[in-house]
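Notes follow the structure.
The values are calculated or read from the model by the stated rules, or taken from the named source; none is laboratory data. Please read these numbers as outputs of a predicted model, since none were measured by experiment. All Cβ positions, even for glycine, are placed from backbone atoms using ideal geometry, and neighbour counts span all protein chains on display. Remember, those area values only see protein heavy atoms, side chains included, never the ligands or the DNA or RNA. Shrake-Rupley method; radii C 1.70, N 1.55, O 1.52, S 1.80 Å.
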Amino acid sequence: MKKHIGYKKLLLPAAVLAMTVSLMLLACSCGLIPDDLGKPATPTPTLAPATVKPSVTPTPEPTPTPLPQVMAEFYDRGTRLDDTGLLAAGTVLKNISYDISNDEENLYEFLGWDANGDGIPEEFPYTLNENTTFTAVLKITPVIYKYEIYDRGTLKVSKECRYGDYIEYPDAGSSIEGDNVFLFIGWSYNGKYDGMTVQRVTENLKIEAVYADSQVLKLYYGGGIYAKYVEEGSLLPDLSEWGVTPDEGYSIVWYTDKALTKQVSSSTMIKGNLTLYGRQERTGAGAGYRIETKDQFRQLMDQVFLSRTTSLNVLITYDYGTLNDLTKFISNNCISIFGYEISMSSKDGDNIQIKLKYPPLATVKSSQVFYTQIPSANTTLEKSGRSADFDSFAVDKIKKTLTVNNSEALFYALENGMRPIIDPKANDLAALYATMKSALRTYVSDDMTEIEKAFAIYQYVILSTVYDNELTEKVKRGENVEGYRGFMLEGVFMDHLAVCDGFSKAFACLCRIEGIECVRVVGTKIETGLSHAWNKVKLEGKWYVVDTTSGGTIVKDTEIMTLKYFLLTDAENEKLNKPEKGSHEDLKCNTVYDIHSELGCKVSSPEAAAVLLKRFIEAAPAGRSTFEIKLGYSIESDRKAVQDILDLMDINVKISYAGTGGTYCFIYEK
């Protein structure tokens, strides 16, 4: 292959050129330069003056004008497919085919290419004289789907629709017809049941109402029949779930036969169906509950606390020690209810009467807000693609249920992996639960990984809630704080003002609704010695520590979000918090996760930090904002590390910072 080599002109300096000419003239006058290379030099004869003819510059031949270059681009419904590259104007394009695949929504037939926007395909071959955009002309035929809905063999709905249309479900629910109980537990789709409710059509469907055929508990009492699906080994519910309570001084005693001669021997559900018959009997004549193990007693008292039952009669058959031992067992092993009072009495040591008093429910809101939140440039929180009526949460496929009538019971149900059923009379609780689901509809999507979901929840809880310093100060002073909403879910979702109890409960509940295992851990904050609560969360098979309360860092009168407390190890958390003995110590958090690296805000040099910080400051809106950076290199001190970064920035903005140990949240105002 020949290579074309470019040449450069060699130019002599003017002085050298003049010297060269003089020497040549001198040589000529001496006869030293031959006039013919083949002859010896001879003296130059004297010549007569010559007539000088003017020089004539020849006219150059005209250069042909090159043809302009043009290009064709091809699009389909706004998406660029390809182009021809640059071609000479006048190039003739032959017919260009386009293979397009059908999808779930439509069938497509390619008709040709439109070049002028009239929707009519052009004729090919096509002469390309200018830059041209071709758009695919398609015949689109919607795919028609059909769904049918059956309830106990009867066709209720038959409808044709488009892909993605909402399914219109008929009313279906549990019913009791004579002695036959129909406990509706969901819908099956093309013969498969998994507990989920499909909202939109994506295929042809045969939908059938599913009724429990096992684990059905039937309770006959006072002329009525009550039924519920109860998993094997679960504590049997009492009639308070249906709003039925015995008269004062009486308890409901259950029997396995209609004649009421064989008293039930266990307080837990058997494998299979169970039918019980009850009557109210004067307290002491019989036991409302028969308890054979410590675990059964724990389950019973959890249920008592959640329903805020004030009195009950229990027959305990195992050796529990003394009534004082029983009280300590409740305190150490049952759910935490702040400020309750309990008293026990027994005449025979077996039948025990228990009476309880409870603190007020979440009724008190702090009156002062001490901190103002500053927006964070690190946030990835944005609206998801879920619709406003999305209601297919992971929690809704759980079979095990618990009827709840207050936020503490709601938290208990969710943390323990149960699907909460909101008491119809608990309107405020229904609104609270709806608010929690609304937050997840807005910021979490089904195509997120578990870590992405947890991070969205972490950001939401921190950015939507300010720390309740007024409540903390009351606790420090030993004041009565019964009923304060900052300890509970209402603090986060209704007041947006909470302490660590509320923060940790909110994070756990939102994770559980999305099907992510999460628990609340209690202990002490090492720096202050105050009680503290945080979370452990299981993501993609591994447990991590999350502390949303600390994630909202206090700086003077402001609160800023930091990433430092998202997905820690036990070793990292133990430098900050000391867990109580028995507070989920079995859940080991040993996996290191670097959120700063994942988000691209970990840097390897001061120069890189300065460039990154400057870019975010310049892009920030007017007002105060924050941006957190983690340094991936060794530093001498926090002050010097930050100053080294700021010295490299040529920007006229006031900047301060918070943080230590190489992770700094920069606060700036434009």
| query | Hey, could you pull the Cα Rg and Dmax for the stretch 513-670, both in Å? | reply | 17.4, 53
| task | Loop only per DSSP, at most 16 neighbouring Cβ atoms within 10 Å: give me the GluC sites (Glu not before Pro) in the stretch 445-553, ordered by residue number. | result | Glu479, Glu482, Glu517, Glu527, Glu540
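Keeping the other protein chains in place, figure out the carbon and sulfur percent of the accessible area of the chain, with a 1.4 Å probe. Present the calculation step by step, with values, prior to reporting the outcome.
Values: 19170 of 37560 Å².
Using a 1.4 Å probe with all protein chains present, the chain comes out at 51 percent carbon and sulfur.
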| Efficiency of FRET from Cβ geometry, Glu203 and Asn129, R₀ 60 Å, rounded to 0.05 | 0.80
| message | Quick check: residue separation of Lys383 and Val611 times 0.36 nm, minus the Cα distance between them. What number comes out in nm? | response | 79.2 nm
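Please report, in whole Å³, the volume per residue of the convex hull around the C-alpha atoms of the stretch 96-214. Before the final figure, lay out the partial values.
Working: hull volume 15.5 nm³, N = 119.
Dividing the Cα hull volume of the stretch 96-214 by its residues yields 130 Å³.
Loop-only trypsin sites (Lys or Arg not before Pro) in the stretch 431-511, please: DSSP not H, G, I, E or B, and at most 14 other Cβ atoms within 10 Å. Present the calculation step by step, with values, prior to reporting the outcome.
Values: sites: Lys437, Arg441, Lys453, Lys474, Lys476, Arg477, Arg485, Lys505; in loops: Arg477.
Those that pass, being in a loop and sparsely packed, are Arg477.
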| Qualifying trypsin sites (Lys or Arg not before Pro) in the stretch 319-398, DSSP loop, other Cβ atoms within 10 Å at most 14 | Lys347, Lys383
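Keeping all protein chains in place, calculate the accessible area per residue for the stretch 145-297 (probe 1.4 angstrom), answer in Å². Intermediate values should be presented prior to the final figure.
Values: 7960 Å² over 153 residues.
Each residue of the stretch 145-297 exposes 52 Å² on average to a 1.4 Å probe.
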| task | Give me the orientation-averaged projected area of the Cα convex hull of the stretch 218-290, in nm², one decimal. | result | 4.7
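Before anything else, pin down the relative contact order of the chain: Cα pairs under 8 Å, at least 6 apart, normalised by residue count, whole percent.
It rounds to 7 percent for the chain.
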| When the dipole is taken about the Cα centre of the stretch 255-364, and only Lys, Arg (+1) and Asp, Glu (-1) are charged at their Cβ, what size is it in debye, to the nearest 20? | 300
| query | Roughly how many nanometres apart are two label points built 7 Å out from the Cα toward the Cβ at Ile100 and Thr79? | reply | 1.0
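Defining a contact as two alpha carbons under 8 Å apart and six or more residues distant in sequence, what relative contact order in percent does the stretch 163-270 show?
Reported as a whole number, the value is 20 percent.
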| task | Mind jotting down a quarter of the surface of the convex hull over the alpha carbons of the stretch 403-463, in square nanometres, one decimal? | result | 4.6
| query | Among Gln373, Gly195, Ala610, which residue has its Cα positioned farthest towards the positive end of the charge dipole of the chain, with +1 placed on the Cβ of Lys and Arg, -1 on the Cβ of Asp and Glu, and the dipole taken about the Cα centre? | reply | Ala610
| task | Taking only protein heavy atoms into account and a 1.4 Å probe, give the accessible area per residue of the stretch 408-563 in Å². | result | 34
| remark: Which residues qualify? For Glu517, with a placed amide H closer than 5 Å and at least 5 residues away or on another chain, they are Lys538
| field | DSSP bridge orientation in the chain - percent antiparallel, rounded to nearest 5 | value | 75
| field | CD proxy at 222 nm, helix term only [per DSSP H run n ≥ 4: -39500 (n - 2.57); per residue of the chain; nearest 500] | value | -6500 deg cm²/dmol
| Say each of Asp165 and Lys542 gets a label point 7 Å from the Cα, pointing the same way as Cα to Cβ; how far apart are those two points in nm? | 4.7
| said: How tilted is helix 606-619 with respect to the longest principal axis of the chain? Cα atoms for both, answer in degrees (0 to 90, nearest 10). | reply: 80
| message | Using a 7 Å offset from the Cα along the Cα-to-Cβ direction at both Val210 and Ala89, what is the distance between the two label points in nm, to one decimal? | response | 6.9
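On average, how much accessible surface per residue is there in the stretch 567-670, in Å², for a 1.4 Å probe, leaving out ligands, DNA and RNA?
Details: 5950 Å² over 104 residues.
Using a 1.4 Å probe on heavy atoms only, each residue of the stretch 567-670 averages 57 Å².
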| task | Specify the inter-centroid distance of the stretch 368-402 and the stretch 581-638, based on alpha-carbon positions, in whole Å. | result | 23
| query | In straight Cα distance, which lysines are under 25 Å from Lys206, not counting same-chain residues fewer than 8 positions off? | reply | Lys146, Lys156, Lys159, Lys192, Lys397, Lys399
| request: Apply the Kirkwood formula to the stretch 152-256: the hydrodynamic radius equals the inverse of the mean of 1/r over all pairs of different alpha-carbon atoms; give it in Å with one decimal. | output: 16.7
| message | For volume of the Cα convex hull per residue in Å³, one of [x] 164; [y] 151; [z] 320 was computed from the structure I shared and the rest are decoys. Which label? | response | [z]
| request: Report, to the nearest 10°, how far helix 638-647 tilts away from the longest principal axis of the Cα atoms in the chain, using its own Cα long axis and a range of 0 to 90°. | output: 40
| said: From the phi angles alone, apply the Karplus equation (6.51, -1.76, 1.60; θ = phi - 60°) to the stretch 399-404 and give each ³J(HN,Hα) in whole Hz, x where the residue is Gly or Pro. | reply: 6, 6, 10, 8, 6, 10
| How large is log10 I(q)/I(0) at q = 0.09, 0.17, 0.21 Å⁻¹ when the Debye formula is applied to the Cα atoms of the stretch 399-547, each weighted equally and without solvent? | -0.27, -0.98, -1.42
